[in-house]
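Below is one structure, written out as structure tokens; the observations come after it.
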Amino acid sequence: MSHSAEPRPMSSRRSGPLRGTAQVPGDKSISHRALILGALSVGETRITGLLEGQDVLDTARAMAAFGAGVARQGPGAWTVQGVGVGGFSEPEGVIDCGNSGTGVRLIMGAMATTPITATFTGDASLSRRPMARVTDPLAEFGARITAREGGRLPITIEGAADPLPLRYRTPVASAQIKSAILLAGLNAPGETVVIEAEPTRDHSERMLAGFGAQIRSETTAEGHVVTLTGRPELRAQPVAVPRDPSSAAFPVAAALIVPGSEIRVPGVSRNPTRDGLYVTLQEMGADIAFENVREEGGEPVADLVVRHGPLRGVTVPAGRAASMIDEFPILSVIAAFAEGETVMNGVAELRVKESDRIDAMARGLRANGVQVEETPDSMTVHGMGRVPGGGLCESHLDHRIAMSFLVLGLATGQPVGVDDGGPIATSFPDFVALMQGLGADLG
Ligand SMILES: O=C(O)C1=C[C@@H](OP(=O)(O)O)[C@@H](O)[C@H](O)C1
Ligand SMILES: C=C(OP(=O)(O)O)C(=O)O
């Protein structure tokens, strides 16, 4: 639902050593997909560990509006009665995806090859984000699209009655574009093919295979090629959602920068397409151990043990950006406490997230005494081992910006303020309680 509440000012202060176990919430990407594929399959899908953040709750509501039976059975435990591929019914009202790019883009894909009409909206942040990257390929399937100027929300889609399969090369590395096309391809005859220059997160491919679709991924001279055979009968599956490595990044970062800390973060997904931050932190010299590595719900997971220690600045190659795209705000905070320069390359996509994340981080870090440089597609943080703090940061309706600055303030000389912590509920509703449980002084 669109975030319209009063701003919620928050702050954080220098804290004593963080200790304990951080049970971070379920993975946001996998949670959206579990609800959508559950709705498109035949039978009852039982989901455990679902992220009950606002982004995912908005997707649950949307699936019900398209005719699926969606019910909460207990904390994180949900059931979805699917309507089958091509079985969506026309929703009565507008589909409000709130703050969620993943929600709106994947759901637009999921309905675009069914002959029904739906209108999509979102909050002020989502309404600024580019949607043509998804609606352009959906139009090639035969859907008719009406968008606000610049391809922005609100968008109305008349789904294609006789969809054509698509072969499409994505113009930017984006799992949301890939997934929207694959979901549309489910109800098109023949093979739908998505070609990516760099592989992006592969949760859609893994879960589609798990639900019985014929799908294969290969690396060819063209790039990373995903081929889906249309019109499968998807069969309902149990989905155990692993814990979100993007949410884990916040307590992990806090433990790395607050002296004397040692925390455990169990059951976190170690999917290699999501692993870039953890690779980078190891290059920075971070003390992180990955224990009890195992497979859960079709995804590799591990228990993380994180200890505070000295960190050095590094250069993050552009080719790694897709595997850590949501982690650059919190990496820029960690980098401020490292010794030396951290250069983040190939990060232009950060400018079209919930906020312009390069600009938001650069401003907030500078307000706290950190030297930052930016170009259209890079950011450089000059780490000095310590950060003065004392600044007030704007979150720009962006959960990751708000959480990043609250983590910053746990190790600065002076407290750090954030103008609005409300958006944190989109991905990590228990963030404040979890961090306080570790000993963090924030709220
Ligand atoms: O597919 C997904 O679940 C996501 C893909 C990424 O977006 P892009 O596809 O725009 O890179 C990421 O930023 C987002 O938080 C979740
Ligand atoms: C970019 C993000 O999400 P979305 O695109 O789903 O809004 C995010 O969670 O950092």
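Just so you know, all these numbers are worked out from the coordinates, no wet-lab data involved. What you are looking at is a predicted structure, and each value in this text was computed from that prediction instead of being measured. Cβ sites come from the backbone with ideal geometry, for glycine too, and all protein chains shown count toward neighbours.
Below is a table of values for the structure above.
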item: Pick from region 200-257, criterion of a type in the set (Ser, Thr, Tyr) and free of Cβ contacts under 8 Å to residues at least 40 places away in the same chain, ranking: nearest to Pro165 (Cα to Cα); result: Thr229
item: Wholly enclosed strands (runs of 3 or more DSSP E) of region 46-161 bearing at least 3 residues within 16 Å of ligand 1 (Cβ to nearest atom) and touching a Pro at 6+ places or on another chain (Cβ under 6 Å); result: none
item: Selection from region 365-403 of residues that are under 27 Å from the mean Cα position of the chain (by Cα), assigned to a loop (DSSP other than H, G, I, E, B) and either surrounded by fewer than 17 Cβ atoms within 10 Å (Cβ to Cβ) or not small (Gly, Ala, Ser) (or both); result: Asn368, Val370, Pro376, Asp377, Glu394, His396, Leu397, Asp398
item: Top-ranked residue in region 198-224 [being among the acidic types (Asp, Glu) and under 17 Å from Val172 (Cα atoms); ranked as surrounded by the most Cβ atoms within 10 Å (Cβ to Cβ)]; result: Asp202
item: Conditions (1) under 19 Å from Ile36 (Cα atoms); (2) of a type in the set (Gly, Ala, Ser); (3) within 16 Å of ligand 1 (Cβ to nearest atom); number of the one not met by Gly230; result: (3)
